[in-house]
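Written below as structure tokens is the structure these notes are about.
The values are calculated or read from the model by the stated rules, or taken from the named source; none is laboratory data. Please read these numbers as outputs of a predicted model, since none were measured by experiment. Ideal geometry is used to build each Cβ from the backbone, glycine not excepted, and the neighbour counts take in all protein chains shown.
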Amino acid sequence: RKLHLEKPLNLSETRILRLKMTTPTENNCTILISTDKASAVVQDDIIKDLEQPVLSVKIRAIKNAITLLLSGEPMPRLLMSVIKGCLKEENKELKKLVKIYWEVACKYDAQGKLLPEMILVCNAIRNDLNHPNEYVRGATLRFLCRLREPELLEPLIPTVKACLDSTGLGRHHYVRKNAALASFYIHKNFGETLLPDGPELIKKFIDSETDLCSRRNAFLFLFN
């Protein structure tokens, strides 16, 4: 969807703005990337770069993919290449870029059904939620706040709940505060469908939580 602005955005190539559209009948827009460089990169070039073993080449390729997708370029063959070339990588920058790619990529076919490749994506997200690094777990929970596909979120609910537990996946407060925030957005967007026990779960979480940021996000859930 094109945005008409009175003044051009003066943004760097890598700066990202997150937007929230207010019209419920339109697709949700969470990212806007502005670049001053005209790109002649095509889908086949990006797929070729994603198959390369060099990490910097993959990072450049996924950035190009995100930029072109946001420009309205259809790239139906790119999804499996990203899955094959990027999901096993542990580089944090690449992981973050791949999550941005999941936000902007088309997840449904022409009949409105979830693409079968999304099963692999869901498994990859679950693996990141169980990652030994608390930053990866927290960043993945933050990413779930922006997902609007209930079919993707539903299998992840048990792991999100586990991240609220200070004796389990939520040992670090960074994970717990983002788990509380993810619970808030999931309950806000899908209500009783995905998280029917959300208020009771968060109330119990507040009773035992000592971190102020985590408590703040939990109170945000109950307040709304």
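Can we say Pro8 is surrounded by fewer than 13 Cβ atoms within 10 Å (Cβ to Cβ) and either modelled with pLDDT of 90 or more or not in a loop (DSSP other than H, G, I, E, B) (or both)?
Working: surrounded by fewer than 13 Cβ atoms within 10 Å (Cβ to Cβ): yes; either modelled with pLDDT of 90 or more or not in a loop (DSSP other than H, G, I, E, B) (or both): no.
No.
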**Message:** Can you find a residue that is within 21 Å of Phe190 (Cβ to Cβ), among the small types (Gly, Ala, Ser) and touching a residue at least 12 places away in the same chain (Cβ under 8 Å) anywhere in the range 102-116?
**Reply:** yes
